[in-house]
Structures are given as structure tokens and as C-alpha cells.
1. What residue, among those in region 265-299 that are crowded, with 18+ Cβ neighbours inside 10 Å and part of a loop (DSSP other than H, G, I, E, B), is modelled with the highest pLDDT?
2. Can you tell me which of (1) over 19 Å from residue 210 (Cα atoms); (2) touching a residue at least 12 places away in the same chain (Cβ under 8 Å) is the one residue 244 doesn't meet?
3. Check whether at least one residue in region 148-165 is under 26 Å from residue 206 (Cα atoms), in a strand (DSSP E or B) and either touching a helix residue (DSSP H, G or I) at 6+ places or on another chain (Cβ under 9 Å) or without any contact (Cβ under 8 Å) to a residue 12 or more places away in the chain (or both), and report yes or no.
4. Which of the residues belonging to region 218-241 are closer than 13 Å to residue 281 by Cα and either part of a loop (DSSP other than H, G, I, E, B) or without any contact (Cβ under 8 Å) to a residue 24 or more places away in the chain (or both)?
5. Could we say that residue 252 is assigned to a helix (DSSP H, G or I) and more than 43 Å from the chain's Cα centre (by Cα) here?
6. For residue 129, only one of the following conditions fails: (1) surrounded by 18 or more Cβ atoms within 10 Å (Cβ to Cβ); (2) touching a residue at least 40 places away in the same chain (Cβ under 8 Å). What is its number?
7. State which residue is modelled with the lowest pLDDT when the search covers only region 112-144 and only residues that are assigned to a strand (DSSP E or B), under 22 Å from residue 188 (Cβ atoms) and more than 37 Å from the chain's Cα centre (by Cα).
């Protein structure tokens, strides 16, 4: 009996030893781990997510040495020519003004009835040369008008029938041309060329220089045109009567230095053609009469 009990105890001890071995421990450990893992997966995450640190991949900063700025800023070379400030261009026509205009009819003491017309221009420019032109116009033409008006007040015969004028503009040159018509049939002319841009009066040499025309070309054109005008004017005079009327002697004078010189009154028309108030020798009446003649000579544009 005792022997049997001892045997049972031995078997029981072996069984207890096996239960406490690797299989029970491993099973318990695995079961515990599985249970824990299953529990964590089922429950929602309540903790804040970990902050992920991101390093920016910016380009490395290159340090550039700082130099002191130059006192003058360099500029690119320009291929354009420098321009000068240009003032507002004056319209030459805006300087043309009228000082006097009178017209009417007149009966003198002999019951002769005549009409008259007097008009005088003025340059509206504040320069010494413009003032000198206005003074000359007054002396040469205004004085004649005043004398004519005094003659009419005294009922004397009218000698001055008209004084008129016209203007021409070429580029920035304004020219005023005056004409007086007398009872003798003689026409008096006055030519006043004014360079608006320069504010100066242009005599014939200065005008030719501005227009780019040589004095020799001008004088030669005058000689040619004066002679041609004279010949055409007296073309109807018979050959056998020309000597009697002094035609041949006059023809020799018409293109001579007495009438062809740089004191001639000249101006450019709107097209740049030079016009001369030509003193053409006359076979009767006055020694010569004035005739406006285009020379066919153009100024530079």
C-alpha cells in the first residue's frame, strides 16, 4: 500500500514538473501577448500623433561679398544722337497783323472821283528786327498814306490810289510784300523777309545763305530772266523801229550791274522758288518799272 502511494506521488510530481515547463510558459506568454495585441488594435488611438520633423531642402545660401556702390551709375551706350530741348515752334502766319485798313471813294475839287484803299501790315514779334521792319514800313508807306489823307481833307487831287500787301511763308521765313499804286502808273514795292526762328530780318545775301543758294547763281539767274522778260515785253516792236525807241541801248542795260545786284528785293514763295522784284528798263515813262519775276531757282528744303 505504501509502495503504491509512493508511486502515485512520484507520478504526480512528474506531471507538475511538466506543466511548469516550456509548453505552459510559452502558451501563457503567447496568449498574454496575443490578447494584449488584440486589445490595442481594437481600441481607438486617443493620443496625439507624433510630430514628424521635416528638414527643408532649400538651396544653400551663397555669401556674396558686398562692394560699395559706385558714385555714378553706368549706362548702356546709346546709338541715338543726343537731342536738345526744342521750344514750341511759332507759326509764321501768327505774326502777321494789320495796322490799318481804310477804303472808300473821293471827289476832289475838280469833281474827279476816285476810289482809294489803304492797308498797312505789322509784325507782331517782340524783337528789335521786327520793330525795325515796322518802323521802315511806317516811314516808307505809312507816311504816304498820311499825306494822301491830308490831301483828301484839303480836297486836293488824289495821287496815291492804293497801298496793299500780301504775305508769303517758306519754312520759318515770313515775308511781307507791300505795293503802292500811284496815279503816275508807277508801283512802289517793299519786301521784308523775317526769320521767325532766329528773330532777325533777312536781306538778300542772308536770305540766299539760308536757302542754300549761291550769290553767283542768283545773279546769273537774274541776268537771264531780266533779259528774257524785256525781250518778251517788247517782242511786238518792229525791228526797224527798235533803234528809234532806244530798244538796243535798253537791252544792254537791263542785265547790267545797275539793275542786277545783291540789293534787289527778293523772297521765297511757299514752294521755295525765289521771286525778285525786278526793275526792268522801260522804253517810255519812268526809267524802269518793277515786275515780280520767278527766277526758277529753288532753295534747299
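1. This residue is 265.
2. Just one mismatch for residue 244, condition (2).
3. yes
4. 228, 231, 232, 234
5. Considered against the rule, which asks whether it is assigned to a helix (DSSP H, G or I) and more than 43 Å from the chain's Cα centre (by Cα), residue 252 comes out as yes.
6. Checking residue 129 against (1) surrounded by 18 or more Cβ atoms within 10 Å (Cβ to Cβ); (2) touching a residue at least 40 places away in the same chain (Cβ under 8 Å), the one that fails is (1).
7. So the residue we want is 114.
The values are calculated or read from the model by the stated rules, or taken from the named source; none is laboratory data. Just so we're clear, the structure is a prediction, and the values are computed from it rather than from any experiment. Quick reminder, even Gly has a Cβ in these numbers, built from the backbone with ideal geometry, and neighbours come from all protein chains shown.
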